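Trainee: Following this message is one structure expressed as structure tokens.
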């Protein structure tokens, strides 16, 4: 029970002693502090455990909610992915169909063209100027009463007669000329024009046609008139250019194809018309397809 002390009831004589428990304030204070701290620690530990359990419960709840959210998001992403895949499959099918159609069309056209070339052996027609006669090429000064032009204006009057050889080298193809319209130029000046009536040219046929082009009283600028006069006085030749627009149709047996538009350009070098005996010195023609009209 610890240490005890004897405290007598009074002074001097023998009396029955009374025993009281010894009290150590320091020891008792330490034990009280230990008990208080133990209770506080137990309470704090209990509170910490409760908080930990609550935190774990919150974490579990959040994990469950996050997992649910992830599942919903994954399901939405999978649905969007399925939709995109369906759209991509549809686009691929559409592209494959279009590509297949175009490829089939190209192959079919290639086969038809190949059969056409194998059967008919098409060749381009040939055009050559065999003769050129410059019947008139005159420069005239205007008077005060001519066409209302100021006095001193120079006018050009010209007439060009061409013989054009048109050759169809094809054995199985005929050419139906619908119209032929032509014009001739000196430098950049449009001098005159003419035309040839339509006609049909058969297989392996060569036809000479006469083309007359004429221009009257074409006004010239002073600079252009002086340059042309100098050329006629000093040079031995004169260079002219012709351009013809031809509309024709190809005939295969009884079938006539649609209209083709063709341009024929020729360069003509003729002798100086002021010195007489005009003759064709050189010519070159180019053939170009401009349009195919259905």
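Trainee: Does residue 220 satisfy the condition of being over 25 Å from residue 123 (Cβ atoms) and at pLDDT below 90?
Mentor: Details: over 25 Å from residue 123 (Cβ atoms): yes; at pLDDT below 90: yes.
Yes: the conditions hold for residue 220.
Trainee: So, one more: For residue 244, work out the one condition from (1) surrounded by 14 or more Cβ atoms within 10 Å (Cβ to Cβ); (2) within 47 Å of the chain's Cα centre (by Cα); (3) free of Cβ contacts under 8 Å to residues at least 24 places away in the same chain it doesn't fulfil.
Mentor: Failing condition for residue 244: (3).
Trainee: Please work out which residue is surrounded by the fewest Cβ atoms within 10 Å (Cβ to Cβ), limiting yourself to the range 168-183 and to residues that are touching a strand residue (DSSP E or B) at 6+ places or on another chain (Cβ under 8 Å) and without any contact (Cβ under 8 Å) to a residue 60 or more places away in the chain.
Mentor: The initial filter retains those residues of the range 168-183 that are touching a strand residue (DSSP E or B) at 6+ places or on another chain (Cβ under 8 Å), namely 168-169, 172-183.
Next, only the ones that are without any contact (Cβ under 8 Å) to a residue 60 or more places away in the chain stay: 168-169.
Values: 168: 19, 169: 15.
My answer is 169.
Trainee: For the range 98-106, indicate whether the set of residues that are under 29 Å from residue 262 (Cβ atoms), modelled with pLDDT of 80 or more and exposed (fewer than 15 other Cβ atoms within 10 Å of the Cβ) is non-empty.
Mentor: First, the residues of the range 98-106 that are under 29 Å from residue 262 (Cβ atoms): 105-106.
Still in the running and modelled with pLDDT of 80 or more: 105-106.
Now drop any that are not exposed (fewer than 15 other Cβ atoms within 10 Å of the Cβ), which leaves 105-106.
The answer is yes, given that some residue of the range 98-106 is under 29 Å from residue 262 (Cβ atoms), modelled with pLDDT of 80 or more and exposed (fewer than 15 other Cβ atoms within 10 Å of the Cβ).
Trainee: Any chance you could count how many residues in the range 171-226 are closer than 30 Å to residue 255 by Cβ and either in a strand (DSSP E or B) or outside the structural domain of residue 251 (by TED's automatic domain parsing) (or both)? Working first, answer last.
Mentor: Residues of the range 171-226 closer than 30 Å to residue 255 by Cβ: 171-182, 195-209, 211.
Imposing the further condition that a residue be either in a strand (DSSP E or B) or outside the structural domain of residue 251 (by TED's automatic domain parsing) (or both) reduces the set to 174-182, 195-196, 199-201, 205-209, 211.
Qualifying residue count, the range 171-226: 20.
The values are calculated or read from the model by the stated rules, or taken from the named source; none is laboratory data. Predicted model, so just to flag it, every value in this text is computed and none were measured. Every residue, glycine as well, gets a Cβ built from its backbone with ideal geometry; the counts of neighbours run over all protein chains shown.
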